[in-house]
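The values are calculated or read from the model by the stated rules, or taken from the named source; none is laboratory data. Predicted model only: the values in this text are computed from it and were never measured. Using ideal geometry, Cβ is built from the backbone for each residue, glycine included, and neighbour counts are taken over all protein chains shown.
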Amino acid sequence: MRTASRIAQVPPYLFAQIDKKKAEVAARGVDIISLGIGDPDKPTPKNVVDRAVAEVQNPKWHRYPDYEGSPQFREAAAAFYQKRFGVSLDPKKEVLALIGSKEGLAHLIWAFVDPGDVVLVPDPAYPVYKTHTILAGGTPHIMPLTRENNFLPDFTAIPEDVARRAKLMFLNYPNNPTAATADLAFFEEAVAYCRKYDICLVSDSAYSEMTYDGYVAPSILQVPGAKDVAIEFFSLSKPFNMTGWRIAFAAGNPEAVAALGIVKTNTDSGQFTAVQMAGMEALLHTPQSFIDEMNAMYTRRRDIAVEGLRALGFDVRKPKGTFYLWVPVPQGQTSAGFTETLLEKAGVVVAPGTGYGDYGEGYIRLALTVEEPRLKEAIDRIRQHL
Ligand SMILES: *Cc1c(COP(=O)(O)O)cnc(C)c1O
C-alpha cells in the first residue's frame, strides 16, 4: 500500500506514545498516577446529563442534523457570548456548531491554507495547528513562546515577508501547555497586526472559563473590530466536563465561519442534535456555582502541586488559568528523559514539553486531573526518587 507522503510528515501523536509506555509500566504491577492528558476527572453537570437523556428520546433528532448546527444551539452560543463577554453574535452567520473544537480548528486550516501558504503557529502549542498546516501543504512559521516573554508571541520577530504570506495566526489563552494568560491589550495588538497583514486570527479559547484568583479571561471578540479578522473557538469540553460529548462552536468573522462551514458540510454531517441540545443546556442553564466549584477545586490542586514542587526546588509559576502546570525540568535533564524517569521510577505520568514543539524542551506539563490525596502522593513519590 502507498499512503500519501503527507502522512509520513506527521509526528506521532504524543499521547499515543505515552499510553504505550504507561501500559508497559502498568503491566509490571506499578500503581500509576496519571497527570498526563488534559481531561477533566469529574462528571458532566446533572442538568446537562438529564437534558441529554430526555433529548435522545426525541425522534426528530434521530435524523441528520442541520449542517451549521441546530438553531437552538447556535442561539445559545450567541446568548452565552452576550452574557459572558458582552459580545453580540448573529447566530445564523457568525456561529457554527462543531464536533469538538479540535475538529473545527483542523478544518479551518483546510478552509484557508493552499500549498505553500504560511501559518503562524505558537510553539509550544496544541499540536493540531501545526499538524494540519503540514497536512494541507502549508508551511508553519513558529512563534516561540518563552518564559522571558511570559509565553506570549513577539509579533515584531516575525519577518515582514513571512507576515505577508501568512493566512492564519493561532493564539490560545489561557494557554495549553504553558498555562499562561493574556490580557485584552495583547489581543488588541494581535488584532491590529492581523488586520495590517490581512491574516485570519484564530483564538482557541478552550480554557476561558477555567481561571483562578479572581482573574477573568477575555474573549478576542471583545476587541473593537475583532470580527473583521478573528474567529474564536469555544469548547464545552473543559468548563463543563464534556470532553467525551464532542461539542463546541466557532464564533466571529462571518466569512471565516462560512468557509469552515463549506469544509464541514463536505466532510461530516454535524453533531447529533440531542448532544447539541445538551450543549445548549450547558451554556444556558448550568449554574455559575458549578463552574465556581470546579475552579475552587483546581485552585486547591494547583496550590498543593505548586507548593510541593517548589519545596523540591522546581522553579514553577502559579498559573491563573487552565488546569496545567508548566514545570522546568531539573538542570541537565531533557523533557523526554525526565518524563521517562518520572514514569519508570515514580510511576507518575506527565507530558514532555517537547510533545508541544521544540520550545517545549526543558519543561514537562502536569495536568491537575486527580484528587488531592493522589496529587500529594505523586509529589511524594517525585521527592523520593529525585
Ligand atoms: C482540549 C483542547 C481543545 C479541544 O477541545 P475539544 O473541543 O474537546 O476538541 C482545543 N484546544 C486546546 C488548546 C485544548 O487544550
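The table below lists the values:
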quantity: Single residue of Pro144, Pro140, Pro174 found to be of a type outside the set (D, E, K, R) and over 30 Å from Gly69 (Cβ atoms); calculated: Pro144
quantity: Sole residue being within 16 Å of the ligand (Cβ to nearest atom), in the same structural domain as Pro254 (by TED's automatic domain parsing) and at pLDDT below 95, chosen from Gly69, Gly104, Gly116; calculated: Gly69
quantity: Selected residue (only one of Gly279, Gly244 is out of contact with any Phe, Trp or Tyr (no Cβ under 9 Å at 6 or more places or on another chain) and within 16 Å of the ligand (Cβ to nearest atom)); calculated: Gly244
quantity: Breaking point among (1) without any contact (Cβ under 8 Å) to a residue 60 or more places away in the chain; (2) outside any loop (DSSP other than H, G, I, E, B); (3) not aromatic (Phe, Trp, Tyr), for Ser88; calculated: (2)
quantity: Complete set of residues in the range 60-75 that are surrounded by fewer than 17 Cβ atoms within 10 Å (Cβ to Cβ) and part of a loop (DSSP other than H, G, I, E, B); calculated: Arg63, Tyr64, Asp66, Tyr67
quantity: Only one of Ala27, Ala54 that is at pLDDT below 95 and among the small types (Gly, Ala, Ser); calculated: Ala27
quantity: Filter pass, Val316 being under 25 Å from Val10 (Cβ atoms), among the aliphatic types (A, V, I, L, M) and touching a strand residue (DSSP E or B) at 6+ places or on another chain (Cβ under 9 Å); calculated: no
quantity: Any hit, the range 188-202, residues being under 17 Å from the mean Cα position of the chain (by Cα) and within 30 Å of Arg300 (Cα to Cα); calculated: no
quantity: Qualifying residue in the range 368-376 (condition: assigned to a helix (DSSP H, G or I), within 22 Å of Ala217 (Cβ to Cβ), in contact (Cβ under 8 Å) with a residue 60 or more places away in the chain and hydroxyl-bearing (Ser, Thr, Tyr)); calculated: no
quantity: Pick from the range 213-234, criterion closer than 16 Å to Arg84 by Cα and touching a residue at least 60 places away in the same chain (Cβ under 8 Å), ranking: farthest from the ligand (Cβ to nearest atom); calculated: Gln222
quantity: Selection count where residues are touching a strand residue (DSSP E or B) at 6+ places or on another chain (Cβ under 6 Å) and among the aromatic types (Phe, Trp, Tyr), scope the range 148-195; calculated: 1
